[in-house]
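Read the structure below first, then the notes.
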Amino acid sequence: MKTLTARQVTLALLSLYAVYAAFAYRGADSADLMAVWLAGVVYDAGQWGQVYPPAAEYFTMHPPEGWRELARERTGYLGPVYPFLYPPIWAWAASFLADLPFASVARWASVLNAGLVCAMIWLGQSACGVFRRNDAGEALLLGGAAIWAFTLTPIGLAAAVQNQPQMLVSLLLVACVERHRTGAPLAAGAALALAASIKLYPAAFALYFLARRDWRALGSFAATGAGLGLASIGVAGWPLHQAFLGAVRQVADTVLVTGATYNLDTLIAQAVFRHELIVQPAFDARPEGLRLQSWLAMPRPPLWGLLSKALFCAVLAGCAWLFARRPARAALPLLWFVGLTAPTLVTPLAWCYYYQPTVALLPALYLALEPRAGARVILLGLLALSAIVLSLLSEQGLPTTTTIPLAMGSLVLWTGLALVALLRRPVAH
């Protein structure tokens, strides 16, 4: 009997996931995708002042005035409505979908996102060397762990249910790693630039190209990013970009606490500023405004903002130093594993699905450890991150001060072990 290859095992697992996702997420409320679609609708109608939330003392995560009514009247949608916080070029792109029924857009987005997850896992396995090792058992373990992360933890589940555009950002980040590992710097830089054109934070990771003196990757990032930026200004105009940048500053000046924000500031806010946090009631699109689960927010004190930015820059610089050590190309997936995860943990706002590249690159951590230890660390971490475990804790009345540290503990443990493995490797000359 012919032995299965690692590629065949991974392909079989991804086929099963694709079938599951096609049915499991078919009726998802797609609230995050709704924000993109509504931005396209108001952009198409010429109501550009309604694309971004209005200026306020801090970010409340409430949509512009009239969006709930618009969602209900145009589509019959009755779920939660959130604001649009992407660069203007994507409001312009979404305007081409304005005349399509949102139900159809959401249905096709679910299919697309299932494909993005499959591609993300495949590229992660490829970048980390799973296919080169060609161990079917290893591929089964690591592919199964990735599917677990994308189906049973908030990292994958929240994004799938919401049809989050972050799925595409995460795929582009993993594609950047895979192309960088395989010696295709132009594609790596372009992938990173495209990711940064959707969510701004990936632009910071271009520092790693500079640290390694990968001039072709850095040049590709700069050229692609400049082209996308000019295209955005060309199609949407500068005033809308000013509104977008104002919304970004508003987010940066806010401390937001929800069950899905996995970052250091969330923990600090709950431990030190619990009484300063302001409840932000969430309402769905029903005429009577059925109240949903609320979240907490507060204006970020200036000193806290300064310290938060300094910590982020310090962690980013530390990761760049690791890249500057220029280890063997085979270590690049582990470098990127640390370089993508550590800064995200200390960024001012990080949603659970920002860690999708982390779980896609978990094979790099597994291969850096002794096999049994690697398997245990990954599986125990995924267990702590599982939505079922976190839900059970929440049902017991435990606050997010308990559940979020448990989830973040897995990410910190994985990052710490990867960092130790990197520091033990000899410096390449």
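A short reminder: the numbers here are calculations on the coordinates, not readings from a lab. None of the values given here were measured: they were computed from a predicted structure. When we count neighbours, we look across all protein chains shown, and the Cβ atoms used for this are built from the backbone with ideal geometry, even at glycine.
List the trypsin sites (Lys or Arg not before Pro) within the range 25-81 that DSSP assigns to loop and that have no more than 15 neighbouring Cβ atoms inside 10 Å. Write out the running numbers ahead of the final one.
Values: sites: R26, R68, R72, R74; in loops: R26.
Passing both the DSSP loop test and the Cβ count: R26.
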**Prompt:** If Lys and Arg each add +1 and Asp and Glu each add -1, what is the summed charge of the other residues whose beta carbon sits under 12 Å from the beta carbon of P165?
**Reply:** 0
**Message:** I want to verify a result. In a Gaussian network model of the chain, Cα cutoff 10 Å, which of these has the top mean-square fluctuation: I278, I155, I89?
**Reply:** I278
**Request:** Quick one: compute the contact order of the chain, relative version, from alpha carbon pairs under 8 angstrom and 6+ residues apart, as a percent.
**Result:** 20 percent
**Request:** Could you let me know the centre-to-centre spacing of the range 167-203 and the range 64-87, using Cα atoms, in angstrom?
**Result:** 30 Å
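I want the local charge near V42. Using Cβ-Cβ distances under 14 Å, sum +1 for each Lys or Arg and -1 for each Asp or Glu among the other residues.
Every neighbour counted, the sum reads -3.
Among rounded, prolate and oblate, which fits the chain when a ≥ b ≥ c are the square roots of the eigenvalues of its C-alpha gyration tensor, a/c under 1.5 means rounded, and a/b larger than b/c means prolate? Don't skip to the end; give the middle numbers.
Details: a/c = 1.41, a/b = 1.38, b/c = 1.03.
Note, shape of the chain comes out rounded.
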**Asked** In whole percent, what relative contact order does the range 1-125 give with Cα contacts below 8 Å and a gap of six or more residues?
**Response** 36 percent
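Can you pull out the GluC sites (Glu not before Pro) in the range 12-93 whose DSSP state is coil and whose Cβ has at most 16 other Cβ atoms within 10 Å?
On the way: sites: E57, E65, E69, E73; in loops: E57, E65.
Those satisfying the criteria are E57, E65.
Take each uninterrupted DSSP H stretch in the chain, measure its Cα extent along the helix axis, and return the ones at 30 Å or beyond whose mean Kyte-Doolittle hydropathy is at least 1.0.
Details: long enough: 102-128 (38 Å, 1.20); 215-236 (31 Å, 1.09); 302-324 (32 Å, 1.64); 400-424 (35 Å, 1.39).
Long hydrophobic helices here: 102-128, 215-236, 302-324, 400-424.
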**Relative packing of peptides 30-43, 95-108 - highest average C-beta neighbours within 10 Å first** = 30-43, 95-108
